[in-house]
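What follows draws every value from the coordinates through simple rules; no lab data is involved. Here the structure is a predicted model, which means the values were calculated and not measured. Ideal geometry is used to build each Cβ from the backbone, glycine not excepted, and the neighbour counts take in all protein chains shown.
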Amino acid sequence: MTNNEQHNQDIDEIKEIAGYLWERGWAERNGGNISLRLKAWDGETRNELIPLKDIPENLANAILYISGTGCRMRDLARAPFKYGAVIKISNDTTGYHFLECGQGEKNVKPTMEIGSHLELQSKMIADNPEYRAVLHTHPIELICLTHHPELSKDPARLRTMLWSTMPESRVFVPRGAEITKYAIPGGAELSKLTGAALHNFDVILWEKHGALGTGRNIVEAFDFIDVANKSATIILKCMAAGYWPEGLSQDNLAEMERILVNKC
Ligand code: 13P
Ligand code: ZN
């Protein structure tokens, strides 16, 4: 696939997923944000350096599509370059330039969660370079579980509960979900907690806030969160029906790990 064909596919997928986020009620107002590393971008830098602190060094010269702060996913689904931008990190990682932004209108400013996105993009380059996409969204049922007084304080139990709701959860979220303690949106602490969690997990839950997924593309990042949220929905529906879900047994889960996990 040429770079141009890859861009077109990436942008089509971003539009598709942004639409799903809105339809599901995961993207109230400006809720959620997207970043995707691009191989190249035709076009000159549009402006002087915009300084940004704490950019990881291995992101020097990286080119990213990034959603704009305050922008609505339902708008981005129609006009990804009006409500998002393509930026290039400077060689010395002291800031970034816009390569594409605002479709000729006022510059959009990258999401306030850019720190978490860059932490994750940096870890992905180091550990798993074919991973290019980061999605943050506000999936209702997963957020509900992060409010649970016991589960929210016991990541291993929460992870196993999500896995044990249905076989697909164990198979298609193979590394499971991690929960990070509450930290203020957009802050450096949240970025660090997020970066630390990525090494081992497919979905990161931000306590009382939302979820992040990573993947080779935005569809894959969405799928991890979507499957985990289905599991959360099952747990909540069982609880609403008056019983605690029995869940698949440890033996069932171990059998799947042997036969299906990372094999489908
Ligand atoms: P942005 O509009 O800055 O992307 O913020 C949305 C959000 O979900 C913050 O966590
Ligand atoms: Zn958020």
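Here are some notes:
- FRET efficiency for residue 240 and residue 264, using Cβ-Cβ distance with R0 set to 35 Å, rounded to 0.05: 0.70
- Environment charge of residue 31, counting only residues whose C-beta is closer than 14 Å and scoring Lys/Arg +1, Asp/Glu -1: +1
- DSSP bridge orientation in region 164-264 - percent antiparallel, rounded to nearest 5: 50
- From most to least packed by mean Cβ count within 10 Å, the peptides 244-255, 56-67 give 56-67, 244-255.
- In terms of the mean number of neighbouring beta-carbon atoms within 10 Å, the peptides 203-215, 153-165 order highest first as 203-215, 153-165.
- Per-bin percent of Cα-Cα distances, region 1-139 [10 Å]: 13, 45, 36, 6, 0
- The alpha-carbon positions of region 119-171 define a convex hull whose volume is 126 Å³ per residue.
- Residue separation of residue 208 and residue 53 scaled by 0.36 nm, minus their Cα-Cα distance, works out to 53.2 nm of gained length.
- Equivalent ellipsoid of the chain: semi-axes from √(5λ) of the C-alpha gyration tensor, largest first, are 33, 18, 17 Å.
- Over 32 Å (Cα to Cα) - which of 192/230; 53/208; 39/237; 109/208; 53/237 fall in this group: 39/237; 53/237
- Straightening the chain between residue 168 and residue 69 buys 32.2 nm, computed as 0.36 nm per residue apart minus the Cα-Cα spacing.
- For residue 202, the residues whose modelled amide H falls within less than 5 Å of its own, excluding neighbours fewer than 5 places apart on the same chain, are 175, 176.
- Charge dipole (debye, nearest 20) of the chain; +1 at Cβ of Lys and Arg, -1 at Cβ of Asp and Glu: 420
- The convex hull of the Cα atoms of region 1-55, projected and averaged over all directions, covers 5.8 nm².
- The residues packed around residue 192, meaning those with a beta-carbon under 10 Å from its beta-carbon, carry a net charge of -3 if Lys and Arg are +1 and Asp and Glu are -1.
- Residue 126 versus residue 79: modelled label distance in nm, points set 7 Å from Cα along the beta carbon direction: 3.9
- Relative packing of 173-186, 229-242, which averages over residues the other C-beta atoms within 10 Å, highest first: 173-186, 229-242
- Region 181-264: C-alpha gyration tensor shape, a/c 1.5 cut-off, then a/b vs b/c: oblate
- For the chain, calculated [θ]222 nm from helices alone, where every DSSP H run of n ≥ 4 adds -39500 (n - 2.57): -12000 deg cm²/dmol
- Model label sites at residue 5 and residue 153, defined 7 Å from Cα along the beta-carbon direction, differ in position by 5.5 nm.
- Region 60-163 shape via C-alpha gyration tensor axes, a/c threshold 1.5: oblate
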